[in-house]
Amino acid sequence: MNWRQRVEPYVRPLFQLWWRLRRGTTLGVRVIAENDAGQVVLVRHTYISGWHLPGGGVEAGESAALSAMRELEEEAGMRALEPLKLVGIFSNHAVFRGDHVLLYFASALEACACDSDGEIEEVGWFAPDALPSDTSPGTRRRLAEYYHARQVDEQW
């Protein structure tokens, strides 16, 4: 476990308090990005454990779709060649009251420079039915819903 993972549980509540004071609702995006072999790209961050779909917060003045494309480039080093398809809108209130996550899908991709600025530890491609054991529960649920027609849970 690196220093960011050890510090994150203590620092995150302070950031969440700051975000709560600055804005009552937050919006994030995640992307299911699929290659020609049917694999999805997952990322491991330097500050939280496990594998996650690429994504992050929507910046002020930025559309959610543009944010999803930006995060896909920054975190996974993949550029969407076609508009992303909106898969669903989920609440993330268990982590942060007022937080919502928009999930997008992309399949027409090309490699590009990855500019995660030390945020991403590892990028990997996995079959949706052969995910690493430490894939985050939210990522597992979203992929099962998308690929295996599972009942959609509105909670991230």
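Within segment 139-156, count every residue that is at pLDDT 95 or above and not β-branched (V, I, T). Steps first, answer last, please.
Residues of segment 139-156 at pLDDT 95 or above: 139-147.
Imposing the further condition that a residue be not β-branched (V, I, T) reduces the set to 140-147.
Counting residues in segment 139-156 that are at pLDDT 95 or above and not β-branched (V, I, T) gives 8.
Considering only segment 17-26, I want to know if a residue exists there that is under 15 Å from the mean Cα position of the chain (by Cα) and of a type in the set (D, E, K, R). Lay out the reasoning, then the answer.
Going residue by residue through segment 17-26, those that are under 15 Å from the mean Cα position of the chain (by Cα) are 26.
Checking the rest, the ones that are also of a type in the set (D, E, K, R) come to none.
No, there is no match, as no residue in segment 17-26 is under 15 Å from the mean Cα position of the chain (by Cα) and of a type in the set (D, E, K, R).
Against the condition surrounded by 12 or more Cβ atoms within 10 Å (Cβ to Cβ) and over 15 Å from R142 (Cβ atoms), how does A108 come out, does it pass?
Values: surrounded by 12 or more Cβ atoms within 10 Å (Cβ to Cβ): yes; over 15 Å from R142 (Cβ atoms): yes.
So A108 fits the description; yes.
So V95 clears everything in (1) among the β-branched types (V, I, T); (2) closer than 28 Å to P9 by Cβ; (3) modelled with pLDDT of 95 or more except one condition, right? Which one?
(3)
Looking only at strands (runs of 3 or more DSSP E) that lie completely in segment 52-156, which have at least 2 residues being touching a residue at least 24 places away in the same chain (Cβ under 8 Å), under 21 Å from N35 (Cβ atoms) and more than 14 Å from the chain's Cα centre (by Cα)?
Values: elements: 55-57, 78-80, 85-91, 99-106, 109-111, 120-126.
It comes to 78-80, 109-111, 120-126.
Limited to segment 125-143, what total is found for residues that are under 26 Å from E59 (Cβ atoms) and exposed (fewer than 15 other Cβ atoms within 10 Å of the Cβ)?
0
Sort out which residues of segment 5-47 are of a type in the set (K, R), modelled with pLDDT under 75 and in a helix (DSSP H, G or I), and write them in order of number. Give the derivation first.
Taking segment 5-47 first, the residues of a type in the set (K, R) are 6, 12, 20, 22-23, 30, 44.
Next cut, modelled with pLDDT under 75 only: 20, 22-23.
Residues satisfying the conditions are R20, R22.
The values are calculated or read from the model by the stated rules, or taken from the named source; none is laboratory data. These figures come from a predicted structure and were not determined experimentally. Heads up, the Cβs are rebuilt from the backbone with ideal geometry, glycines too, and the neighbour counts pull from every protein chain shown.
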